[in-house]
1. May I ask you to list the residues in the range 1-55 that are among the polar types (S, T, N, Q) and under 16 Å from the mean Cα position of the chain (by Cα)?
2. Out of (1) over 20 Å from the mean Cα position of the chain (by Cα); (2) touching a residue at least 24 places away in the same chain (Cβ under 8 Å), what's the single condition that is false for residue 118?
3. Under 6 Å by Cβ, and 6 or more places apart or on different chains, what pairs join a residue from the range 129-153 that is closer than 18 Å to residue 92 by Cα and among the hydroxyl-bearing types (Ser, Thr, Tyr) with one that is open to solvent by 50 Å² or more (accessible area, probe 1.4 Å) and not in a loop (DSSP other than H, G, I, E, B)?
4. Identify, by number, the condition in (1) touching a residue at least 24 places away in the same chain (Cβ under 8 Å); (2) surrounded by fewer than 14 Cβ atoms within 10 Å (Cβ to Cβ) that residue 27 doesn't meet.
5. With (1) under 17 Å from the mean Cα position of the chain (by Cα); (2) loosely packed, with under 14 Cβ neighbours inside 10 Å; (3) at pLDDT 90 or above as the list, and residue 108 as the residue in question, which single condition is left unmet?
6. So residue 50 fits all but one of (1) touching a Ser or Thr at 6+ places or on another chain (Cβ under 7 Å); (2) surrounded by 12 or more Cβ atoms within 10 Å (Cβ to Cβ); what number is the exception?
Amino acid sequence: MRLKNRQNFWSGIMFVVIGAGFALGATSYSMGTAARMGPGYFPFWLGVILALLGAIVAIGALSEKAEETELEHFDWKIAIVIVGSVALSGVLLNYLGVYITVFLLVVLSSFASHEFSWKVAILTGLFLVLFVWLAFVKGLGLIFPLWPTFLGN
């Protein structure tokens, strides 16, 4: 077997490692059953599925039909913008509330795109704030600080 699609192969390996890590990490929590899921049930099966999909992608890269590709250089600037946006959101959530934090996360992480557009970033941010409100606040009833602490919830 000859490795033809290096990009898919290494992406698949990354998914296998991350999926296996999540699945192994979830085993320290109570699993429960399919009818009464424990806190480890969903992350365990999500990790298993991610690892399986990664294996399929990696094995597909070895196929004779695979498109021949090479790896491009890793863009550290994009990785720093994305990881920094997520870390900043984690720090700011309790102070700015979920609405402003989600909006900032989307707009700041949009700077990682080579086709950045203020209009698209703002519209996407507003859509995600609406989605968070509908799915997590109204749908699941989760309790988040919704607005900045200095405004009072």
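The values are calculated or read from the model by the stated rules, or taken from the named source; none is laboratory data. In this text, all values refer to a predicted model and were calculated from it rather than measured experimentally. Glycine also receives a Cβ, built like all others from the backbone with ideal geometry; neighbour counts cover every protein chain displayed. Surface accessibility is based on the protein's heavy atoms, side chains included, excluding ligands, DNA and RNA. Shrake-Rupley method; radii C 1.70, N 1.55, O 1.52, S 1.80 Å.
1. 11
2. The single condition residue 118 does not satisfy is (2).
3. That search, which allows pairs on different chains as well, returns 149/95.
4. Every condition holds for residue 27 apart from (1).
5. (2)
6. Evaluating residue 50 over (1) touching a Ser or Thr at 6+ places or on another chain (Cβ under 7 Å); (2) surrounded by 12 or more Cβ atoms within 10 Å (Cβ to Cβ) leaves (1) as the failure.
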